[in-house]
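Accompanying notes for the structure given below.
Read-outs throughout are calculated quantities, based only on the coordinates presented, and are distinct from any laboratory measurement. This one's a predicted model, so the numbers in the text were calculated from it and none came from an experiment. FYI the Cβ positions are ideal-geometry reconstructions off the backbone, even for glycines, and counts take in every protein chain you see.
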Amino acid sequence: MDSNHLPTNGELVHDAAFWWNVGVYMYVGRMGGNKGIEHMLTAWLDLRKQYGETCPDLWIVGGSPGEIDTVRQQVTFYESLFTLERQGHIRWWGYLDAKGVGALLLKALVLVMHSSYEPGGRVVLEAMSQGVPVIGTPHGFARDLVADGVNGFLVSYGDAEALSHRMSHFISQPLLSPSLGYAAKETARAALASWNFFGRHQDAYMTFGLTGGPPESKALDEPLNLIKNPLPQGLIGRFPFKERLPMMQMRPVSSKPIAARLSTMATFRRCLRRAVPLSGKRTRKRAALPSNIPTRYLPVVLSGTRPIPKRYIIL
Amino acid sequence: MGVRQIFGELSISQSTMSSVKVVLICLHADPASPPGIGEGGGTHSYLCELQRLYDRMGMPHLLVTRRAAPASPEYERLSSLGELARIRIGSVGPLDKHQLDSHHAETVEQIHCTISKWDVPTVLHSVYWNSGRAAAQISCDLGIPYVHTVISNGWRRKITGFDDQSPTRFDVERAVYGNAARVFCICNQERQDLIEEYGVAPEKIEIVGRPVAPPYLKPCRDGYGVPRSVNVGRH
């Protein structure tokens, strides 16, 4: 291969030295009708006709076997699809958990998300977090995070020709995916930091759970006429909470939260580590066992996965 | 990957949060269902993420959803602090989420009954509009606040071409968002819709986005930073 010539993806396929660098187009999500799977397949088949063996494979993740079969039977070009499936160029992976999807994304050139509407579309965020660029429709996270030509591309729903054109960039420019992917990862990292998902929820619970909420939340007047129905007769007078059924009886005996209990155990373990060796010279510092550790934790700790060496004693 | 990397910095202590008891109502999504099959999607993952937060903060919580499969038990313990109750709305089996609204009275009755067996909640959290309607009603009955997570709004769906919605959805949504103590949405487009189309006060809206699971942040490493074996196809 000429050293001044960047290999195209097709050349990479046939060069055994670069087999590991060959990526795939990837879709992750449900097999719903609004997900644009048929448009994506149309765009990919166009590319396949245009580029032949050079065209990267298509991996589709999600759905149960029945749902996948329904989608396959609905497309009008079923015959050509079937042939390419048998050759291994289209793979339907079915449902995979986060570890599985994360592993497959390592091979992805680009994630294709072609939904007619997405309130968020978390796969966009997941792919970008992993450094995979996205070709998406302008909804949800794709609309907020994807910048054309910077970390992916935006395509209008139903425009298979434009989608095919954007997908073709990744064939003709083998370094495009890592380049856009790097920017995608930075974008996702900044977005996650600014959202502070857990912190914002926690603040809301703290504010309204302890104070009872802002005044307007209690003014359930006119707009709620639509919502407010009287309680059924059988239920009136039963509240608040006269019945205590088995659900409560299954709660743990200790009312102390598990995290607090674990914290106590961590303190106890630290004390064990600082316990004085019998035969050693370091006998000046003696760690005292905190008095607030109940004795019922001892068997738990002593039978834990980390064995306590015999030469140590607890003082 | 450490717990701090997943959750970020949490500002309030666990002992303070343990007095907050949450009832999370999401009628159409069962957190035990995997995302990517059937109706399982982002909402299912969202419930799991909230449940992780509650456990992390030591908050007792009860998740209420609809029992959609006979094989699913009516009650499950999720953790030492978390419980999942599947209530019966209509017959046990699949039900289009857009039809849940027509079972409103039955839903409210069932949730009241479930809460009465649990504990006295301090805050309700509803996800999706028909759950919001139930939460608004229960909030009013019990005199406790509710917060609401939108996850797609009727107005946007309508202009995008979906015609499978309940005719009362827009009005119910307006009331639910208007009376919620706080409204969570996941992206800017949704926030804009809430302000312009539903008249929600901007200061009440929080864009919370979504967290990302550790396998996507460090796909080659496990939770301890050790290279992991990839188990695609073995679940």
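So the values come out like this:
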item	result
Approximate spin-label separation A:A193-B:C140, in nm, with each point projected 7 Å along Cα-to-Cβ	4.5 nm
Residue exposure sequence - A:D148, B:D141 - by fewest surrounding Cβ within 10 Å	A:D148, B:D141
Karplus-derived 3J(HN,Hα), 6.51/-1.76/1.60, for each residue of region B:89-97, Hz, glycine and proline x	10, x, 8, 5, x, x, 9, 4, 5
Value of Rg/Rh across region B:3-217 [Cα atoms, Kirkwood radius]	0.94
Net lengthening on full extension, B:T168/B:R88 (0.36 nm per residue, minus Cα-Cα)	26.5 nm
Out-of-range pairs (alpha-carbon distance over 29 Å; input A:K49/B:K97; B:K21/B:K97; B:K97/B:K117; A:K35/A:K99; A:K49/B:K218; B:K117/B:K204)	A:K49/B:K97; A:K49/B:K218; B:K117/B:K204
From phi via Karplus (6.51, -1.76, 1.60), per-residue ³J(HN,Hα) for region A:77-91 in Hz, x at Gly/Pro	9, 4, 4, 5, 4, 4, 4, 5, 5, 5, 7, x, 8, 10, 10
Proxy reagent accessibility, fewest Cβ within 10 Å first, across B:R86, A:R86	A:R86, B:R86
Cβ-derived FRET efficiency at R0 30 Å, A:H165 paired with B:Q192, nearest 0.05	0.55
Cβ-defined net charge surrounding B:V23, 11 Å radius [Lys, Arg +1; Asp, Glu -1]	-1
Region A:64-138: proportion of alpha-carbon pairs further apart than 18 angstrom, %	54 percent
